[in-house]
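The values are calculated or read from the model by the stated rules, or taken from the named source; none is laboratory data. Because the structure is a prediction, the values reported are computed rather than measured. These accessible areas exclude ligands, DNA and RNA; they are computed on the full protein's heavy atoms, side chains included. Shrake-Rupley method; radii C 1.70, N 1.55, O 1.52, S 1.80 Å.
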Amino acid sequence: MKYSILAYPLLWIVRFYQVAISPFTPASCRYSPTCSHYAVGALKKHGAFKGSWLALKRILSCHPWGGSGYDPVP
């Protein structure tokens, strides 16, 4: 695992979303794993900069005209 010190605050933000916000919103992610789980995996595997970029690209593609299906962290 390639955690960097810079990735920890970003992981906390995603975990906060998963615990405090996500349970109160309808499930709408078109991908598996979900976008928040993908973000955690990308941050853990690739660090703060590349992991953030991968997570942002994934979140921006999660809309009705975007992709869907199984999309693991590269």
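Tell me the per residue accessible area of the chain using a 1.4 Å probe; a whole number in Å² is fine.
In whole numbers, the chain has 70 Å² accessible per residue.
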Cα pairs beyond 20 Å in the chain, in percent, come to 28 percent
On Cα atoms only, tilt of 35-60 relative to the major axis of the chain in degrees:
20 degrees
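Taking 0.36 nm per residue of sequence separation and subtracting the Cα-Cα distance, how much length would be gained by fully extending the chain between residue 56 and residue 27, in nm to one decimal?
8.6 nm
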Can you tell me the orientation of helix 7-16 relative to the chain, as the angle in degrees between its alpha-carbon axis and the longest Cα principal axis, to the nearest 10?
40 degrees
